[in-house]
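Asks: Okay, handing you the structure first.
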Amino acid sequence: MAIHVYWASGSPYSWRVLLALEFKGVPYVSHQLQLSKQEHKSPQMLAMTPRGRLPVVKHDDYVVFESLAILYYLDLKYPEPPLFGRSAEEAGVIVRVIEEYQAYAEEHLMSIVESVFTARGAPLREEITDAMHVVASEARTIEARLSTKGDWIVGEAVSAADLMIYPSIQLLLRALAQPTARELSARFLPLDTNYPALGRWMERMRSLPGFERTYPPHWRAS
């Protein structure tokens, strides 16, 4: 039976899963839910994921949620091309890089995004500037990896690390393009000047097969 994917446009967590499915060439049935209508909190969704969060994948009678868990499930179910490397050592590095991103950057990045899109013209809180410093520092770490270790965040092939990190950075760039974030964006942009290897990597990500099918629909519309 087909894989059913429940996701939300613009959610970096959802985007990771769509990128993985396209990268592996796995057919799937798409179910885009509207967060503004609380569709992710419907009885049908809560029966699959009690937390009422997206993305969710349903494959036959099996349900898996949380984006990293979904990527791992897909990699074991459809091993080629691999997302977690071809050796124990490579897998260890990929998971370590993902955990570093989640532990040291993700919360700060998402707080910036949330603050920018909810500010509605008001000045951003001072702690958001501090969060930008943290994110910029972590971006330099990724920049160094891309400058010295290959075209992708871990080694010479696309991995789960690339799919986990790219959507969040793209969301951050969208937030920094808002008028409210003009001063904040000066600490990070222009990308090509401050983080040239990161900019080239993002171009490579956009050239992956099926990328256009994963792009958030409401971003395209706006």
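The values are calculated or read from the model by the stated rules, or taken from the named source; none is laboratory data. All of these numbers come straight from a predicted model, not from anything done at the bench. All Cβ positions, glycine included, derive from the backbone under ideal geometry; neighbour counts span all protein chains shown. Just the protein is used for accessible areas: all its heavy atoms, side chains included, with ligands, DNA and RNA removed. Shrake-Rupley method; radii C 1.70, N 1.55, O 1.52, S 1.80 Å.
Asks: Under a plain spin-label model, where a point goes 7 Å from the Cα along Cα-to-Cβ, how far apart in nm are Ala144 and His4?
Replies: Label-label distance for Ala144 and His4, simple model: 4.6 nm.
Asks: List the GluC sites (Glu not before Pro) in segment 135-222 that DSSP assigns to loop (not H, G, I, E or B) and whose Cβ has at most 11 other Cβ atoms within 10 Å. Which are they?
Replies: Passing both the DSSP loop test and the Cβ count: Glu156.
Asks: Taking the chain, how many lysine pairs are there with alpha carbons less than 30 Å apart, if each pair must be eight or more places apart or span two chains?
Replies: 9
Asks: Just to confirm a number: summing +1 for Lys and Arg and -1 for Asp and Glu over residues other than His40 whose beta-carbon lies under 15 angstrom from that of His40, what do you get? List each step's numbers first, then the result.
Replies: Values: positive: Lys37, Lys41, Arg51, Arg53, Lys58; negative: Glu39, Glu66.
Summing Lys/Arg as +1 and Asp/Glu as -1 gives +3.
Asks: Measure off 7 Å from each Cα along the Cα-to-Cβ vector at Leu35 and Trp219, then give the distance between these two points in nanometres to one decimal.
Replies: In this crude label model, Leu35 to Trp219 measures out at 1.3 nm.
Asks: Using the Cβ atoms and a cut-off under 11 Å, what net charge is assigned to the surroundings of Ile165, where Lys and Arg are +1 and Asp and Glu are -1? If you can, show how the numbers build up before the last one.
Replies: Working: positive: Arg16, Arg145; negative: Glu100, Glu106, Glu138, Asp162.
Around Ile165, the charge tally is -2.
Asks: I need the shape label for segment 1-41. Rule: rounded when a/c is under 1.5, else prolate if a/b > b/c, else oblate, with a, b, c from the alpha carbon gyration tensor. Intermediate results must be reported in sequence, preceding the final value.
Replies: On the way: a/c = 3.60, a/b = 1.62, b/c = 2.22.
Since a/c reaches 1.5 but b/c is at least a/b, the shape of segment 1-41 is classed as oblate.
Asks: Right, something else. Which order do Ile70, Ile142 take by accessible area at a 1.4 Å probe, largest first? The partial results should precede the final answer.
Replies: Working: Ile70 0, Ile142 25 Å².
These residues rank, largest area first, as Ile142, Ile70.
Asks: For Phe65, what charge total do you get from the other residues with a beta carbon under 11 Å from its beta carbon, if Lys and Arg give +1 and Asp and Glu give -1? Mind dumping the intermediate values first?
Replies: Details: positive: Arg51, Arg53, Lys58; negative: Glu66.
Surrounding charge for Phe65 is +2.
Asks: How much of the accessible area of segment 1-114, in percent, comes from carbon and sulfur atoms when a 1.4 Å probe is used?
Replies: Values: 3190 of 5840 Å².
Carbon with sulfur: 55 percent of the solvent-accessible area.
Asks: On to the next question. For a Förster distance of 22 Å, can you work out the FRET efficiency between the beta-carbons of Ala157 and Val134, rounded to the nearest 0.05?
Replies: Computed FRET efficiency for Ala157 and Val134 comes out at 0.15.
Asks: Given a 1.4 angstrom probe, what's the average accessible area per residue across segment 62-169, in square angstrom? Mind showing how you got there, number by number?
Replies: Working: 5400 Å² over 108 residues.
Averaged over the residues of segment 62-169, the accessible area is 50 Å².
Asks: Another one. Work out the FRET efficiency for Tyr104 and Ser207 from their Cβ-Cβ distance, taking R0 = 35 Å, and round it to the nearest 0.05.
Replies: 0.80
Asks: Using the Cα gyration tensor of segment 108-172, with a ≥ b ≥ c the square roots of its eigenvalues, what is the shape: rounded (a/c below 1.5), prolate (a/b larger than b/c) or oblate (neither)? Write out the running numbers ahead of the final one.
Replies: On the way: a/c = 4.25, a/b = 2.21, b/c = 1.93.
Prolate.
Asks: Calculate how many DSSP beta bridges within the chain are antiparallel, expressed in % of all such bridges and rounded to the nearest 5.
Replies: Numbers: 8 of 13 bridges.
Bridges in the chain are about 60 percent antiparallel.
Asks: Compute the semi-axes of the equivalent ellipsoid of the chain, taking the square root of 5 times each eigenvalue of the Cα gyration tensor, and list them largest first in whole Å. Please report the intermediate quantities before stating the final value.
Replies: Values: eigenvalues 152, 110, 44 Å².
Each semi-axis is the square root of five times an eigenvalue, giving 28, 23, 15 Å.
Asks: Continuing with this model, one more query. Shape call for segment 176-222 from the C-alpha gyration tensor, a ≥ b ≥ c root eigenvalues: rounded (a/c under 1.5), prolate (a/b greater than b/c) or oblate? Write out the running numbers ahead of the final one.
Replies: On the way: a/c = 4.90, a/b = 1.29, b/c = 3.80.
Since a/c reaches 1.5 but b/c is at least a/b, the shape of segment 176-222 is classed as oblate.
Asks: Relative contact order for the chain: what percent, with Cα pairs under 8 Å and sequence separation of 6 or more? Provide the component values of the computation, followed by the final result.
Replies: Numbers: 275 pairs, mean separation 51.7, N = 222.
Once normalised by length, the contact order is 23 percent.
Asks: Under a crude label model (7 Å from the Cα following the beta-carbon direction), how far is Ala47 from Glu183 in nanometres?
Replies: Each label point lies 7 Å from its Cα, and together they span 5.1 nm.
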